Amino acid sequence: MQFGIFSVSDISKNPVTGYTPSEAERIDASVQIAKRADEVGLDVFAIGEHHNPPFFSSSPTTLLANIAAQTEQIVLSTAITLITTNDPVKIAEDYAMLQHLAKGRMDLMLGRGNTVPVYPWFGQDIHKGLELALENYNLLHRLWREDVVDWEGSFRTALQGFTSVPRPLDDVPPFVWHGAIRTPEIAEQAAYYGNGYFANNILAPNFHFRPLVELYRRRYEHYGHGTADQAIVGLGGQTFIAKNSQDAVRRFRPYFEGSPLYGTSYRLEDFMHGTPLSVGSPQEVIEKTLTFQAGFGDYQRQLWVVDHAGLPLEEALEQVELLGTEVVPVLRKEMESRRAPGVPDAPTHATRVREKYGDAEPRQPRPNPNRGDNVTGTSPYQDTDPSIVADLPLVG
Amino acid sequence: MKRLVVVSAGTGNPSSTRQLADRIAQKSLDRLEGATVSVIELGPLAVDTARAAVAGFPGAELQAAIDKLAAADAVIVATPIYKAGISGLLKTFVDVLDNDLLVAKPVLLAATGGSPRHALVIDDQLRPLLAFMRAFTLPTSIYAAPEDWGSSELGARIERAATELAVLVGAGVEAQVTDTAWSGYQHQFGGNARRAERTAADVDFDSPLMRLATGGA
């Protein structure tokens, strides 16, 4: 079971002090939060992708590569990477590059995003958002698994003899999670490919997303990747922890009520009781998180937001500290003891390398000399079978 | 057993909007043997409804009202006319419903106003709103200005509308339409509608999008 934090990269005014951090301060703060998460033994740090203020994270792989260079064990991920408006070819390239630099200590979560104008800004039609997400992933999946791809779809220009470089580290693609809170087709795609499914378990009544998680589990089994309870499920959440319950509520309240997201809707108490928002002592947060396991079944990844609503860096770091020292160690033990036999952990690069190669050495692709193109052979790599003749497209 | 549900946006006590809805409900019950009626008063749900509109999800009491509406075989919607329009509370309530909650349900439209000059608000505002919800709005709607309460014509219109309602409910139009055409409407997985898809068994995995999800073009 992995526990970690994720951030949407919002730069919000601190409603208590009135201070709004600069982009420079907030970017630096995110790196510090990730480093602290690594130090206290959290398993995952994930960052969102946005293309408008008040967010900074338009370029997640750059940030994550920087964090990878400064951390030891934490897995770096996204929450989410836009599979709709990014070119899947560029996703394949960027994240394979990150995978190399992070020595495999990464994965990614794909999603459709929730900012309408991003589609037209990137030349896409929001009415085709779901088709874009599905088709783009189909291509991304192949780009990481086939040295040379011929492909034609509805949205991007066709590819003939295209090789996405660099090839994934050890020729093992990054693990992919599909993030969705509405769409059964996304759950189906995650199940079909045996990928992970992540339900951002926030801003909705408790267990609202259970039908989608259940659908994914059933279909995961249907496609033969394992039993339904072995499917790879992740959940989001938000938390604010203090030594005791009253302090947690008292200290979090001004941020909650001052937040444009929360402050105009239900009262904090209603949110705490009616939704997965976890505010309280370490013990309360532990107990609430255990209800997720009871309600959604054994799952593999729990991420919390801790740096939202204008909370200053020091508060966010304290949250990371409390998660790492007081909450997660207990949850690890408790969830492990409740977990059904045979339920796997979330895949990591190491487990995926072992799964593909066993004890053998992983493939290390070495390109042939530059021919100015990569369509004049079966593969641009030295280790491909020379007896296989390329099926070249006819020209003219 | 058929279930009628009244949605009343009247806020007074007593409320003439509620009074109108009750008369319509009673006349409809007279024509539907064994039917029951229950009422959703929007006034007590006002704060919950506004919060749901902002938060994007309903609280427990509002959820109970939505569940009641989803299970209805026919709905009587009654609103006061404010500022030449329907009650904002009613519009906000409809705003937070799933798009498919009322598909093919018979819905009787009613309103009360301070002047007969607002009689067309029902057809200008309420009927398009329920058309968006893909409901079967009855051809006869009922508008009651103060003077109508002294006119037997109001009673005659109520009788006519109640007859239309009873015929549509008796014919089972909602079931007939949704039995065959449900997949043609816009839906939300795990939603509140009576026929919402909730498990893998409900899902059509042979749709073009599902085929695209599984690698096919």
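So for A:GLU314, A:GLU152, A:GLU221, what's the accessible-area order with a 1.4 Å probe, most first?
The ordering from most to least exposed comes out as A:GLU152, A:GLU314, A:GLU221.
Across segment A:1-138, how large is the tail of the calculated P(r) beyond 26 Å, expressed as a percent of all Cα pairs?
Tail fraction, whole percent: 26.
If you wrap a convex hull around the C-alpha atoms of segment B:149-217 and split its volume per residue, what is the figure in Å³?
Taking only Cα atoms, segment B:149-217 has a hull volume of 125 Å³ per residue.
Step by step: find N for chain B, compute 2.2 N^0.38 Å, then divide the Cα radius of gyration by it. What's the final number?
This ratio for chain B stands at 1.07.
On each of the three principal axes of the Cα atoms of the protein assembly as shown, give max minus min coordinate, whole Å, ordered largest first.
Extents along the principal axes: 94, 67, 46 Å.
Ignoring everything but the protein chains, give the 1.4 Å probe accessible area of B:ASP123 in square angstrom, nearest 10.
The accessible area of B:ASP123 comes to roughly 60 Å².
Order A:ARG301, A:ARG219, most accessible first, counting only protein heavy atoms with a 1.4 angstrom probe.
Order by accessible area, largest first: A:ARG219, A:ARG301.
Computed FRET efficiency, Cβ-Cβ of B:SER115 and A:VAL116, R0 41 Å: what is it to the nearest 0.05?
0.50
Using θ = phi - 60° and the Karplus curve 6.51 cos²θ - 1.76 cosθ + 1.60, what whole-Hz ³J(HN,Hα) does each residue of segment B:199-209 get, with Gly and Pro shown as x?
9, 4, 5, 8, 8, 8, 8, 9, 6, x, 5
Send over the Kirkwood Rh of segment A:166-282, from the inverse of the averaged 1/r over different Cα pairs, rounded to one decimal Å.
It works out to 16.2 Å.
May I ask you to rank B:LYS27, A:LYS103 by accessible area, largest first, using a 1.4 Å probe over the protein chains only?
Descending accessible area places them as A:LYS103, B:LYS27.
To the nearest 20 debye, what charge dipole does segment B:3-180 have about its Cα centre, counting +1 at the Cβ of each Lys and Arg and -1 at the Cβ of each Asp and Glu?
300
Got a number for the accessible area of B:ARG134? Probe 1.4 Å, square angstrom, nearest 10.
B:ARG134 exposes around 120 Å² with every protein chain in place.
Take the solvent-accessible surface of the protein heavy atoms, probe 1.4 Å, and return the percent of it on the protein assembly as shown that carbon and sulfur atoms account for.
53
Between A:GLY123, A:GLY104, A:GLY324, which gets the highest mean-square fluctuation from a Gaussian network model of chain A, Cα cutoff 10 Å?
In this elastic network of chain A, the residue with the biggest mean-square fluctuation among A:GLY123, A:GLY104, A:GLY324 is A:GLY123.
Can you give the Kirkwood hydrodynamic radius of segment A:2-357 from its Cα pairs, in Å with one decimal?
Answer for segment A:2-357: a Kirkwood hydrodynamic radius of 20.7 Å.
Would you compute, from DSSP H runs of 4+ residues alone, the mean residue ellipticity of the protein assembly as shown at 222 nm, taking -39500 (n - 2.57) per run and dividing by the full residue count, rounded to the nearest 500?
-11500 deg cm²/dmol
How far, in nm, would the chain grow between B:THR199 and B:ASN99 when pulled straight, counting 0.36 nm per residue and subtracting the alpha carbon separation?
Extra length from B:THR199 to B:ASN99 when fully extended: 34.1 nm.
Could you state, as a whole-number percent, how many of the C-alpha pairs of segment A:281-383 are farther apart than 23 Å?
56
The values are calculated or read from the model by the stated rules, or taken from the named source; none is laboratory data. As the structure is a computational prediction, the values presented were derived from the model and not from experiment. No Cβ is skipped: glycine too gets one built from the backbone with ideal geometry, and neighbour counts run over all protein chains shown. In case anyone asks, the SASA skips ligands and DNA or RNA and just uses the protein heavy atoms, side chains included. Shrake-Rupley method; radii C 1.70, N 1.55, O 1.52, S 1.80 Å.
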